[in-house]
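All remarks here apply to the structure that follows.
FYI, it's all coordinate maths here, none of it is from the lab. Just so it is clear, the model here is predicted, and its values are computed rather than measured. Heads up, the Cβs are rebuilt from the backbone with ideal geometry, glycines too, and the neighbour counts pull from every protein chain shown.
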Amino acid sequence: MTNATIQEIEGIDDYWGPAFRSVYEGEGHEAFVQQLDERIKQHDKEIEKLCNFHYQGFIDSIRELLQVRSHAEELHAEISNVDANVKEATESLCTGADELIRARRVELNIAATIEKMELCLPLLTTYSKLKTQVEAKRYYPALKTLEQLEHVLLPRVGPYKWCSQISSDIPRLRQSIQDASMADLRDFLENIRKLSPQVGAMALKQTQEMLGRSLASIVKNKKDMAVLGITGRDSAGPQCPHELVDFSPLHRCLHIHSVLGAKNDFIQYYRAQRKQQARLVLIPSGNLHDSIQSVKNYLNAVLGFFILEEYLLSAGAGLVSKDWLLDTWSMAITKVASTLRTNTSLITDPTLMLSVKHQIVLFINTLKCYGLPTEPLPLLLQEMAEHYTEVLMQRWVVVFRDILDNAPFLPVEVENQEQYDGVMDTFPYDGEELEMQPFPRKFPFSSIVPAVYVQVKEFIYAWLKYSAGLGLGGSRRAAAARHSASLLLSRSFTGCLSALFRRPIPLMQLTQIIVDTKYLEDATLYLYEFISNITGSELVTTQAAGSMFQAARDDAEQQICDKLEKKVDEFLDLENYDWLLVEPTGQASSFVADMLSYLSGVLTSLEQLPERARVAAVRAATNRIATRLRNLLLDPAVKQISSGALHQLDLDVIQCEQFAAGEPVPGLKEGELLEHFASLRQLLDLVNGWEWSSYLHDIGKEGGKYALVTPRDAATLLEKLKEAEQKSSVFTVLKKNERDRRKLLDTVLKQLKQLQNQDGS
Amino acid sequence: MAKTYDYLLKLLLIGDSGVGKTSILFRFSEDAFNISFISTIGIDFKIRTIDLDGKKVKLQIWDTAGQERFRTITTAYYRGSMGIMLVYDVTNEKSFENIKNWIRNIEENASADVEKMILGNKCDLDSKRQVSKERGEQLAIEYQIKFVETSAKDSLNVEYAFFTLARDIKAKMEKKQEASNPAPRSGAHQLRANEQQRKPTSWLSRCSLL
């Protein structure tokens, strides 16, 4: 042992360290190692004793353990055997259980499926029903089905794919139903558009039948029916006009839309459509003034349209409201009135006019039946009445013109009683005197009188045709008819006469026209009588027709005067005075003689003429003769007049004066015609009588013998005489008394010129 | 005052009612035609001035009513006439036959030297013709009167007829004037001398011009 090792032991153990040191450093080392060997021999003896004691027990334990080991092996084999047996037994059991579990599960599944399927089945049937309904166009039930499908059946069924498909299909179906029903509506609208004229026609016909209904006609109808074996009114056709139309599509549509919740939209749509249709209906398809058929069609269509609307007002479930109907109607009636007004104003055929009027009256009556206001139409009828009168007048203007153009204007002459009666039948004439005369008898008037009279009657007939059925009273109709007849005569006929006068008409014809107008005027009273007879009103005679043709007569008279004056002019144009005639022939110039005989001939043949006209004619003629003769004398182109020529003219004037004094026509005042020649006569007397002193003395005084001779005329004539005398005596020496005469002449001329200048200043 | 004419000739149209006297005159004076028939009442006249060999000749043509009832009025005008047109209607046999009566009328009432001419009017109506042109000429030769067929409607020979008649009268008057110089200026109506009948040869040659 070394020091280092002791130190280490000291470092570890405080007890054993110092012990070792003391041993190491002291001298006891053998004592100590002997002690230690003794201690080791003691411990070995104890261990050997302990081991001898436990060895037997140990052996026994080993033996026992070996025994346990064999038992354990035995147990192990037994248990393995049991295990195998159990294993074998439970294997089939497990299979069965598994199968059972599977079967149970299938069973459950089937039950669940059936349950679900049962829920789906009604849905599917409904759906198929829906399809069939849609296909059969039974939209309303289809819609109901759809409703059921959507709200009842579909929620019940689970969220299957096909269900969602159906659900998504529902709006589409609904839309298509709506579309289809709209299409139906359109068909319906189109249909009623086609039918409404028939409806209107039927309504008009019924109104007409109703208006024409009288006891007699009813009895007759009954009889007819009895004969035909028809009892009552059970004939097949519809009884009411609206029955012509099948409204079911409309109702269906309405139902459908109410179901769809779009009732209001539908009503709006319907009204808009109908309004549009109304506009179309209101535009006539053709010219209404060509034929009655187009007017009928037009009115039928309009009427039919509103009859249907009116029907829907009561039966249309709010489809048509009173306000809407009246509103549309007032628009329509205004349009109808204006269309008719425009078109009727173009009509020139009175028959057509009458038919149109009849249609409108019927139309109005039918409207009343249906409670629709007729307002502007009565006014239209009045306007048409005026136009009708105009049209008739135009017609009759042609008739009158025709009568006048082809009239010979000769008094009607009849050969026998038959012809006589023929005239007397057509014209009211007091034939008492004529009755006595032998045939041929001559009426004072020409053929135009009965012809025009008959035509005026025709006109009145035609005119009254219009006012028939307008519900006017007899006296109002009569008054209007009188007015129109007077208008016809005083305007149309007079107009025709005036037109007649524009072309030259022979004198005799003019005379006859004047006579004829008188007879026509007198016949007006009979016309009034005729009017009151056919209108059943009292005779009104207050309306004086006296001077209805006065204007025409004045025209004719003026023409007669003009004609005579023209003839006088023609005669005077034939004058062939030799102004330097030495000796007068001793007889009147031939043109004067011709003229006067012509005039007296003409005036005799004018004896039919009213006195007034004849007086006017003869006045015009004589005045013309006097003026022309006087102008001849004072014509500046005639430079010289011999006293022979003056005497010849004087002779002619005397002839004319004789004619004038001879009262060529009755009704003249004594000496009246001579006054036309007065100034000429005074001039001639003055110059021929050479009474210058008394002329110049009396000049400017009232009532002088030559008061009508102006100094200018006297001077003019005197100049011409002087010229002629100078010419004839240019180569001869003047005798004394001739010189005196010449001197006097110059003095007188000077005086006259002075007077002229005084007058001029 | 300047004279408007050199000669004044008074002519007369006579013949049955409806033969067309007024139409002929209307055609001659107005150069117009009116289809409608208005019978003349009494008497009327028209004046037309024509130019004949440089002379202004005024024709005063008297148109008479053909109807019997006006006979007294119309015959009064025969006396002063210098020329008379006898008119018949070629479509009316009766009117042709009556020409003889009218000639007798002239002989009784007119001056002996009056110029005459026969007109067969309405020769445009060939389909209705009853009197042939030859018969007209035959009659004219019988009486030694000029003859021409006319149509007032187609304005055929109307002018010719009046001009011929006027020319003949004028020639006669001029001859008369030469015979008795100094001649009256133009008072042709005063001519009274019994002039010998004209030779028919002269007008026959003219007629063939038709």
- Query: Can you give the extra length, in nm with one decimal, that the chain gains between residue A:8 and residue A:116 once fully stretched, where that is 0.36 nm per residue apart less the Cα-Cα distance?
  - Reply: 29.1 nm
- For the range B:50-166, radius of gyration divided by Kirkwood radius, i.e. Rg to Rh on alpha-carbons: 0.96
- For the range A:641-710 and the range A:171-213, distance of Cα centres in Å: 98
- Query: If you build the Cα gyration tensor of the range A:25-164 and take the root of 5 times each eigenvalue, what three semi-axes come out, in whole angstrom, biggest first?
  - Reply: 104, 29, 8
- Note on the structure: The answer for the net charge of residues other than residue A:618 whose Cβ lies under 10 angstrom from its Cβ, with Lys and Arg +1 and Asp and Glu -1, is 0
- Note on the structure: Subtracting the Cα-Cα distance of residue A:290 and residue A:739 from 0.36 nm times their residue separation yields 152.2 nm
- What would the Debye formula give as log10 I(q)/I(0) at q = 0.22 Å⁻¹ for the alpha-carbon point model of the range A:277-373, no solvent? -1.11
- Task: About the Cα centre of chain A, how large is the charge dipole given +1 on each Lys and Arg Cβ and -1 on each Asp and Glu Cβ? Please answer in debye to the nearest 20.
- Result: 4060
- Distance between Cα centroids, the range A:440-473 to the range B:123-142: provide it in whole Å. 47
- Against the 2.2 N^0.38 Å rule of thumb, the C-alpha Rg of the range A:402-502 sits at a ratio of 1.31
- What stretch of chain A, leaving out the sites themselves, is the longest with no GluC sites (Glu not before Pro) in a DSSP loop having at most 16 other Cβ atoms within 10 Å? A:28-414
- Item | the range A:344-434 - convex hull of the alpha-carbon atoms, volume per residue in Å³ | 159
- Task: Tabulate in residue order the Karplus-calculated ³J(HN,Hα) for the range A:514-527, using 6.51 cos²θ - 1.76 cosθ + 1.60 with θ = phi - 60°, rounded to whole Hz; enter x for Gly and Pro.
- Result: 4, 4, 4, 4, 4, 5, 5, 4, 5, 7, 4, 4, 5, 5
- Once fully extended, how much extra length lies between residue A:67 and residue A:327, figured as 0.36 nm per residue of separation less the alpha-carbon to alpha-carbon distance? 80.7 nm
- By Cβ neighbour count within 10 Å, fewest first, B:74, A:517 rank B:74, A:517
- Message: Can you compute the modelled spin-label distance between residue A:345 and residue A:386, with each label point 7 Å from Cα toward Cβ, in nm?
- Response: 1.0
- Message: Can you compute the helix-only [θ] at 222 nm over chain A? Use -39500 (n - 2.57) per DSSP H run of at least 4 residues, normalise by all residues, nearest 500 deg cm²/dmol.
- Response: -26000 deg cm²/dmol
- Item | Mean Cα-pair separation over length for the range A:126-183, i.e. relative contact order, pairs under 8 Å, 6 or more apart, % | 33
- Relative contact order (%) - criterion: Cα under 8 Å, at least six apart; region: chain A: 7
- Along principal axes, Cα extents of the protein assembly as shown, largest first, whole Å: 259, 102, 69
- Query: Semi-axes, largest first, in whole Å: what does sqrt of 5 times each Cα gyration tensor eigenvalue give for the range B:23-63?
  - Reply: 23, 13, 5
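Starting from the alpha-carbon convex hull of the range A:621-761, give the projected area averaged over all orientations, in nm².
Over all viewing directions, the range A:621-761 projects a mean Cα-hull area of 9.7 nm².
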- Antiparallel content of DSSP bridges confined to the protein assembly as shown, in %, to 5: 40
- Message: Could you check the spin-label model distance between residue A:604 and residue A:43? Points 7 Å from the Cα along Cα→Cβ, value in nm.
- Response: 22.2
- Item | Spread of Cα-to-Cα distances over 10 Å intervals beginning at zero, given as percent, for the range A:99-224 | 10, 23, 16, 13, 12, 10, 7, 4, 2, 1, 0
- In whole angstrom, the spacing between the Cα centers of the range A:57-100 and the range A:336-375 equals 127
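Before anything else, pin down the relative contact order of the range A:343-406: Cα pairs under 8 Å, at least 6 apart, normalised by residue count, whole percent.
It rounds to 41 percent for the range A:343-406.
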- Query: Reachable aspartates and glutamates from residue B:94, Cα under 19 Å, same-chain residues fewer than 8 places away excluded?
  - Reply: B:16, B:68, B:124, B:126, B:134, B:137, B:142, B:149
- Item | Selection from A:189, A:676, A:485, by position along the positive dipole direction of chain A (Cβ) | A:676
- Query: Between residue A:36 and residue A:419, how many nm apart are label points set 7 Å from Cα along the C-beta direction?
  - Reply: 21.3
- Message: Can you tell me the convex hull volume per residue for the range B:1-101, based on C-alpha atoms, in Å³ to the nearest whole number?
- Response: 126
- Rh_Kirkwood(the range A:32-114) over Cα pairs, Å, one decimal, evaluates to 20.3
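To the nearest whole number, what is the average tally of beta carbon atoms from other chains within 10 Å of the beta carbons of peptide A:585-597?
That average works out to 2.
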